Amino acid sequence: MTTSTILLTICGIGWIITYIEALRVGHRDKSYGIPFIALGLNFTWELYYTLPGYFEFGTHVSSFFNAFWLLLDCGILYMYFNYGIKEVSTKKSTFYIQAIVYLIGCMILQHFVFQWVGIVLGALYMGFLQCILMSILFIRMYYRRPGLQGQSLILAIAKFVGTLPLTILFGIIGSKRGGGVHEPILYIGSVIFILDVIYIYLVAKRLKSLKLSTPE
């Protein structure tokens, strides 16, 4: 296995664990484990790049993981439509319409970026920009929700593990198929690294607090 394949595999497994854990805690807490703004972008990214990615790269490891992530995101999206209404003050019909309109908007955005810079740069830069947004939204969700509703330390660590290998691959080592080294990816990935470490710390701190406050 090449260094690129190893790093992509670590990334793929990390995000699979992230999504599975999001499904687990979502079912546990009757909530959703990924902020919807980021979820919509992730879902449409995976939906848009899975098929074109297969035609471009064939049975590359990234094509396999993209398809797997898409299936898991469908489950998380279902949880949002099922439980997200509890966290908003709008009517049920308005909630669904807003969510669908947002997903359509995300799909249009993915298409625009794809047409503008192509499949490789589109997938790479949109993926990292979505990830930095997700990191910010996870911290926001931490402060907005009581306890650790829809959150867990496993999820926080898995997201960190899922993103770091790509920062190393595309921001430091470089990938032939990815167009070499991308210095902006290193900067974006470094910010994601910091935000993810902060989120892990916050979740661990609250988890410890909840354990101490629970009578034996």
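What to note about this one:
- Complete set of residues in segment 59-98 that are within 16 Å of Lys30 (Cα to Cα) and of a type in the set (Gly, Ala, Ser): Gly75, Gly84
- Residues that are out of contact with any strand residue (DSSP E or B) (no Cβ under 6 Å at 6 or more places or on another chain), open to solvent by 30 Å² or more (accessible area, probe 1.4 Å) and part of a loop (DSSP other than H, G, I, E, B) are absent from segment 192-201 altogether.
- Residue check, Glu56 at pLDDT 95 or above and assigned to a helix (DSSP H, G or I): no
- Of all residues in segment 5-33 being part of a helix (DSSP H, G or I) and of a type in the set (Gly, Ala, Ser), the one that is surrounded by the most Cβ atoms within 10 Å (Cβ to Cβ): Ala22
- One residue from Gln130, Gln149 being of a type outside the set (A, V, I, L, M, F, W, C) and within 17 Å of Gly14 (Cβ to Cβ): Gln130
- Checking each residue in segment 83-101 for being open to solvent by 100 Å² or more (accessible area, probe 1.4 Å) and aromatic (Phe, Trp, Tyr) picks out no residue at all.
- Segment 17-37 - residue that is farther than 12 Å from Ile154 by Cβ and of a type in the set (Val, Ile, Thr) and, of those, nearest to the chain's Cα centre (by Cα): Ile34
- One residue from Ile136, Ile132 being under 19 Å from Pro184 (Cβ atoms), at pLDDT 90 or above, in contact with a Gly (Cβ under 9 Å, 6 or more places away or on another chain) and in a helix (DSSP H, G or I): Ile132
- Residue within segment 170-179 that is touching an Asp or Glu at 6+ places or on another chain (Cβ under 6 Å), outside any helix (DSSP H, G or I) and either at pLDDT below 95 or not aromatic (Phe, Trp, Tyr) (or both) present: no
- Test result for Ser93, touching a Leu at 6+ places or on another chain (Cβ under 7 Å), among the small types (Gly, Ala, Ser) and part of a helix (DSSP H, G or I): no
So that you can scan it fast, the table gives a plain yes or no per residue for (1) touching a residue at least 40 places away in the same chain (Cβ under 8 Å); (2) on the phi > 0 side of the Ramachandran plot; (3) in contact with an Asp or Glu (Cβ under 9 Å, 6 or more places away or on another chain):
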| site | (1), (2), (3) |
| --- | --- |
| Ile76 | yes, no, no |
| Tyr80 | yes, no, no |
| Val101 | no, no, no |
| Ile119 | yes, no, yes |
| Ala123 | yes, no, no |
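- A single entry from Leu166, Leu155 fulfils the requirement of being of a type outside the set (Gly, Ala, Ser), part of a helix (DSSP H, G or I) and in contact with a Cys (Cβ under 6 Å, 6 or more places away or on another chain): Leu166.
The values are calculated or read from the model by the stated rules, or taken from the named source; none is laboratory data. From a predicted model like this one, the values you see are computed outputs, not experimental measurements. Note: ideal-geometry Cβ built from the backbone for every residue, glycine included; neighbour counts use all protein chains shown. Ligands, DNA and RNA are excluded from the accessible area calculation, which covers all protein heavy atoms including side chains. Shrake-Rupley method; radii C 1.70, N 1.55, O 1.52, S 1.80 Å.
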